[in-house]
Structure formats: C-alpha cells, structure tokens
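Everything below concerns the one structure shown next.
Read the figures in this text as sums done on the coordinates, not as results from a lab. Given the structure is predicted, the values throughout are model-derived calculations rather than measurements. Here the Cβ positions follow ideal geometry from the backbone for every residue, glycine too, while neighbour counts run over all protein chains shown.
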Ligand code: AMP
C-alpha cells in the first residue's frame, strides 16, 4: 500500500495508473476504521483496479467543536486494516494541505430540501462541509467508482446530488450498513461509549425494527411517540429525532398508506455521544 500526504504526489501517481488503463475505486473516511469501512474497501477491491482510501477528519463538517476534538484517531491501526483488506493507496493529508487557501471556498451545490431535514436541520453547516471536502477529494482522486455507506443515508443522497450538479464522472455506490451482533450500527463514535452506554445503544436498532414492523398498522404519530418512549426508558438514550421519510426525497412521511419506498431514521444521544441509524421499511 502506498501512502500519500501531499495532493500533487497522489494526483501524479493516480494519473499514471489511469493512463495505464486502470480503474480507480475510492473510499473516503475519517479513520478509526471498523468492519463497516472495510466492507466498502472490499467492494471497491472487487470492482476496481486501484483502491484509494482517504483518512481525513474534516473540520468543516463538525458543528460541535467537542465532537471534532474527541473524534478518535488511530492512524497506524487504520493503515494496517486497510492494507490487509487490499487497499492500494492511502491518502492522509494534513488540514493545511487540504485547506491551503482557507475554509471559505465552497462549491456551488444546491441541496434544496435535502439540507432542511434530519441531519441537515440538526447539524447546521454539516452537509456544506461534507460537500466541500468530498468535492475536493473527488478533484484529487478523480475516481471511476466511489463507495459510501447507507449508515449515513442522507449523506449518500447529498453526495449523489452533488455528483450530478458538479458533473463528476464517478459512479456513486451505496453499501449496506454493517452492524454489531446486537444490531448496533458500527460507528467510530461507538468507541466513546461506556460499557453501560454501549449496552443501551443496542436499543436504537431494536426500536427501528419495532417501527418497521408496526408502520403499516399503527398511526404514524403515535408509533413514533411510542418509539421515543422506548428509547427514553433506558434512561441513557435521548432521541434528537425519529423520522419516517420517503427513501428518495427524504421528506417526512406522516401516513401509513404511503405508496413509495420509505425508511426510518434516528439520531439519538447515548450519553454525550450522538449516534445515527436508519433502515428501509
Ligand atoms: P466515516 O469515517 O464515518 O466518515 O465513514 C466513512 C464511510 O464509511 C461513509 O461512507 C460511511 O457511510 C461508511 N460507514 C460508516 N459506518 C458504516 C457501517 N456501519 N456500515 C457501512 N458503512 C459505514
């Protein structure tokens, strides 16, 4: 696995691969890798010739300074995991390298209603930061195929919209959420949970299943209220939102006879750690 920290160096390396006719798969991450990330790498290894992973904790997508400060960092362990999964190239730039002209420069992308719901509504500026960094990374890597997890389903929708509007040539591949044995969606933030919180966190997935099972037979408002009570009864979980939404537009669905595909989404504080999850209904 080749490691790069400088934009010009990785660009030059990938240009040579591209002109030799090799396809490039790309998996952007913020590190503290787990099997969820590795599932994206494995898919990229199956489908492309040169697999590029990036590790960059992007300051512009954090709306909470403590979350940025406490975000787990373990570059050596990450590099070992990436290498054994078949990654060809690791790009790990410093903040100054990525933002040499400052944080202000932002691509013109209109996220429309996508930005006004759920993560967009609750994390001001978050998706603008995601678009900013992923477009920079796409400019550097110029991938054929880019892999994103459905764990961050709204982010996946944002990336798809950005890719269309900015006319990137990359295909965007959404990959299923990888879970722990008790159903908790794998997340780098799970490392910050105490044993007690970690145990309580499994209720998030159970509650999403409960909503899925009862969506067609119960009035939506009362089902969501009941689900919130389930979470709160742990005394550890505090839902920020629980939403049933159209799987494509991500706009709220309030009728259980809705005919288009729907998903259930949750953001839940587990102690001080904010966790998100979602599933198709
Ligand atoms: P992050 O490092 O959290 O920014 O995530 C990097 C990529 O891994 C994103 O596309 C995430 O959606 C994806 N990802 C994170 N957790 C999981 C998971 N449990 N299953 C599948 N993909 C995931």
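Computed over all pairs of different Cα atoms, the Kirkwood value for the hydrodynamic radius of the stretch 4-76 is 14.0 Å. Just so you know, the Rg over Rh for the stretch 55-208 is 0.95, from Cα atoms, with Rh as the Kirkwood radius. Of 258, 168, 241, the residue with the greatest mean-square motion in the GNM of the chain, using alpha carbon springs below 10 Å, is 258. Against the compact-protein benchmark of 2.2 N^0.38 Å, the Cα-based radius of gyration of the stretch 228-281 scales to 1.24.
Put simply, when 79-90, 16-27 are sorted by average Cβ atoms within 10 angstrom per residue, most first, you get 79-90, 16-27.
Can you tell me the orientation of helix 153-165 relative to the chain, as the angle in degrees between its alpha-carbon axis and the longest Cα principal axis, to the nearest 10? The two axes meet at around 50 degrees.
Look at the Cα gyration tensor of the chain: its axes a ≥ b ≥ c give a/c of at least 1.5 with a/b over b/c, and that counts as prolate.
By the Stokes-Einstein formula, at 0.692 mPa s and 37 °C, the stretch 133-179 with its Kirkwood radius over alpha-carbon pairs has D equal to 301 µm²/s.
With helices as the sole contributors, the chain gives -12500 deg cm²/dmol at 222 nm; each DSSP H run of n ≥ 4 counts as -39500 (n - 2.57), and the sum is divided by every residue.
Rounded, prolate or oblate, given the Cα gyration tensor of the stretch 61-133, with a/c below 1.5 counting as rounded?
Because a/c hits 1.5 or more and a/b exceeds b/c, the stretch 61-133 counts as prolate.
Taking only Cα atoms, what is the 0 to 90° angle, nearest 10, from helix 126-141's long axis to the longest principal axis of the chain? For 126-141 against the chain, the angle is about 30 degrees.
Full extension of the chain segment joining residue 70 with residue 194 gains 43.2 nm, where the gain is 0.36 nm per residue of separation less the Cα-Cα distance. Between the helical axis of 195-214 and the longest alpha-carbon principal axis of the chain there is an angle of about 70 degrees.
When DSSP beta bridges are restricted to pairs lying wholly in the chain, around 50% turn out antiparallel.
Which of rounded, prolate, oblate describes the stretch 157-225, given a ≥ b ≥ c as roots of the alpha-carbon gyration tensor eigenvalues and a/c under 1.5 marking rounded, otherwise prolate only if a/b is larger than b/c? Verdict is oblate for the stretch 157-225.
No solvent, one uniform scatterer per C-alpha: report log10 I(q)/I(0) for the stretch 1-136 via the Debye equation at q = 0.12, 0.17 1/Å, two decimals. The Cα Debye sum returns log10 ratios of -0.54, -1.04. For the residues 136, 69, 11, a GNM of the chain with alpha-carbon springs under 10 Å puts the largest fluctuation on 69.
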